[in-house]
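Inspection log for the structure reproduced underneath, given as structure tokens.
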Amino acid sequence: MNRTSTRRRTLCRAGAVTAATALVMAAAATGAEAEARRSPVDGVWRMDGYGAVLDVEGGTVASYETTAISCLPDFTGDQVGASGPHGATTFAVGTTQFTLRPEQHAQALAMTIQESVGTRHLTRLPTLPARCSQPTPADPRTVFDVFWQTYQENYPFFAARGISGIDWQATGNRLRAEITPTTTDAQLFQILTEAFAPLDDAHTALTDGTTMVSPSRPGTIDPSRAYDLSIKAFIQAHDLTTPLQEWGRGHIAYANLPGGIGYLRLSSFAGYTSPDDSGGFSADEAELTKALDAIFTPERTQGPNALRGLVIDDRVNGGGSDVLALDVVSRLTAKPYTAYWKKHRDDPDDPTVFSSPQPIRVAPADKPVYRGPIALLAGGSTVSAGETFAQALMGRSPAPVRIGENTQGSFSDTLNRVLPNGWEFELPNEEYPVSRTGPTFDITGIPPQIRTPVFPPEEMAAGKDTAFTEAVALLSCPKGAG
């Protein structure tokens, strides 16, 4: 908010300064004072590669979702506490917090999000784009155009998905021709679904507030809460001899197995304190810390009674925060290393152009860490942060042995967007390569080293869990333990 100073200046009759000149000087002084009070993060900023514009002024922030044809309001937030060194300023949007830090010159900011890894970069704009101050029509064709354009500018996997015969331009031309001013909501929802569902990308979704469409790779099962609970009950009944200890609303569980082997089950990296994530990241991180402190005790991590091996069950994991996933990894290594790299699509006109990859590092926790052998169970219901967790463990020494099936193949954070008619959708715009120049496991998923069916119905009917049995056998034998 701009404030006008009401202080008066005393004019000296004997001086050579006229009243008009004095007013000019007063205005200049007031402007200088206002500029001195201005935060270095104040201004309008465009986020590189994410289609967002932030308008920061006087401790408040407003975000806009933009494409070449649209600008829609996203969120508003308020500053948390005083600015830190060099103008670093934290804002809160609900329970989410992010920090803006001025870079070496006044025309750029770095942004970190509390529950996300990596840094985003923003460049200064002279003013808010004119389109952001104008209402966007909510007719069916405009809704479709904003949806299609958002994918066109941000989706990173058109070339990779093209092997299935998907042509986004042709799809847009065909479906747009079906839309008229009288197209109903139900018809429009079906048209949008027809556009993106063939991508089989678990990080794409569309909802009208009542119905949600979110496809997965064919042959895989969505890691819903109901599926998670049913699988956990099966494991407790058929694989374990002692009850699971649970934390985080059951998303974190541990049991001791015979022969000095531990069993750690992780079914999410979010929602530890509330079903809708309303508890916030800080509460979830505190709950995870409490669980890891109870699991990785000095007795289990060192000395004669330390675990001989650890089974980590990541087979039904719907994802969440990559930061929380790395918090777990930090309890599993004594040495720092690069977990993976992260980059985003960086040119709205060219889907082959990406930002420079950022290394995402793992640092050992300053608490007891488990350094022994690990068998990691994963499969098609291992999604998002469940996959980045599995990928982060690949650089550990000794590396876990991966057992099961390919993970889902959806690693990116999602762009969560709102359409002009209020419907919401999401899509990815990032890749997580295994090295600076290496490949990614997007689409195909991380492959196992020992391929074993994950919860096939015929096995479950017989009370068998072959992947679990393989993991225990591997860690129980001298070779597996070494």
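Of the listed requirements (1) closer than 25 Å to ALA471 by Cα; (2) over 17 Å from the mean Cα position of the chain (by Cα); (3) among the β-branched types (Val, Ile, Thr), THR437 misses just one: (1). For the range 153-178, a residue qualifies if it is in contact (Cβ under 8 Å) with a residue 40 or more places away in the chain, closer than 20 Å to SER70 by Cα and surrounded by fewer than 18 Cβ atoms within 10 Å (Cβ to Cβ), but none of them does.
One line per residue, one yes/no per condition, for (1) in contact with a Gly (Cβ under 7 Å, 6 or more places away or on another chain); (2) of a type in the set (Ser, Thr, Tyr); (3) touching a residue at least 60 places away in the same chain (Cβ under 8 Å):
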residue	(1), (2), (3)
SER230	no, yes, no
PHE234	no, no, yes
GLU246	no, no, no
ARG249	yes, no, no
GLY259	no, no, yes
TYR263	no, yes, no
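Scan the strands (runs of 3 or more DSSP E) fully inside the range 235-305 and keep the ones with 3 or more residues being in contact with a Leu (Cβ under 8 Å, 6 or more places away or on another chain) and at pLDDT 95 or above.
Working: elements: 245-247, 252-257, 261-266.
Once the strands (runs of 3 or more DSSP E) in the range 235-305 are filtered for at least 3 residues that are in contact with a Leu (Cβ under 8 Å, 6 or more places away or on another chain) and at pLDDT 95 or above, what remains is 252-257, 261-266.
Of these, PRO351, PRO359, which one is over 20 Å from the mean Cα position of the chain (by Cα) and open to solvent by 10 Å² or more (accessible area, probe 1.4 Å)? None of the others qualify; the one that does is PRO351.
Residues in the range 209-224 that are open to solvent by 40 Å² or more (accessible area, probe 1.4 Å) and in contact (Cβ under 8 Å) with a residue 40 or more places away in the chain were compared, and the one that is farthest from LEU199 (Cα to Cα) is GLY209.
The residue that is farthest from GLY248 (Cα to Cα), counting only those in the range 264-320 that are open to solvent by 40 Å² or more (accessible area, probe 1.4 Å) and of a type in the set (D, E, K, R), is ARG308.
Yes or no: GLN187 surrounded by fewer than 19 Cβ atoms within 10 Å (Cβ to Cβ) and more than 21 Å from the chain's Cα centre (by Cα)? Break it down into steps so the answer makes sense when it comes.
Working: surrounded by fewer than 19 Cβ atoms within 10 Å (Cβ to Cβ): yes; more than 21 Å from the chain's Cα centre (by Cα): yes.
Yes.
Among the residues making up the range 452-482, those that are in a helix (DSSP H, G or I), open to solvent by 60 Å² or more (accessible area, probe 1.4 Å), charged (D, E, K, R) and at pLDDT 95 or above are GLU458, GLU470. Would you call THR333 farther than 17 Å from ALA255 by Cβ, in a strand (DSSP E or B) and more than 16 Å from the chain's Cα centre (by Cα)? So THR333 fails the test. The residues of the range 398-451 that are open to solvent by 40 Å² or more (accessible area, probe 1.4 Å), touching a helix residue (DSSP H, G or I) at 6+ places or on another chain (Cβ under 9 Å) and part of a strand (DSSP E or B), listed by number, are VAL401, ARG402, ILE450.
Please work out if ALA339 is closer than 21 Å to SER116 by Cβ and in contact (Cβ under 8 Å) with a residue 24 or more places away in the chain.
Working: closer than 21 Å to SER116 by Cβ: yes; in contact (Cβ under 8 Å) with a residue 24 or more places away in the chain: yes.
Against the criterion (closer than 21 Å to SER116 by Cβ and in contact (Cβ under 8 Å) with a residue 24 or more places away in the chain), ALA339 qualifies.
Looking across GLY372, GLY386, one residue alone is farther than 30 Å from ALA138 by Cβ, open to solvent by less than 10 Å² (accessible area, probe 1.4 Å) and not in a strand (DSSP E or B). It is GLY386. Within the range 193-201, is even one residue modelled with pLDDT under 95, acidic (Asp, Glu) and surrounded by 14 or more Cβ atoms within 10 Å (Cβ to Cβ)? The answer is yes; a qualifying residue exists. Here the condition is being more than 15 Å from LEU240 (Cβ to Cβ) and touching a helix residue (DSSP H, G or I) at 6+ places or on another chain (Cβ under 9 Å); of TYR254, TYR263, TYR272, it holds for TYR272 alone.
Selection of the range 134-152 for residues being open to solvent by 20 Å² or more (accessible area, probe 1.4 Å), among the hydrophobic types (A, V, I, L, M, F, W, C) and within 22 Å of ASP201 (Cα to Cα) yields only TRP148.
The values are calculated or read from the model by the stated rules, or taken from the named source; none is laboratory data. No experiment lies behind these values; they were computed from the predicted model shown. FYI the Cβ positions are ideal-geometry reconstructions off the backbone, even for glycines, and counts take in every protein chain you see. These area figures cover heavy atoms from the full protein model, side chains too; ligands, DNA and RNA do not enter into them. Shrake-Rupley method; radii C 1.70, N 1.55, O 1.52, S 1.80 Å.
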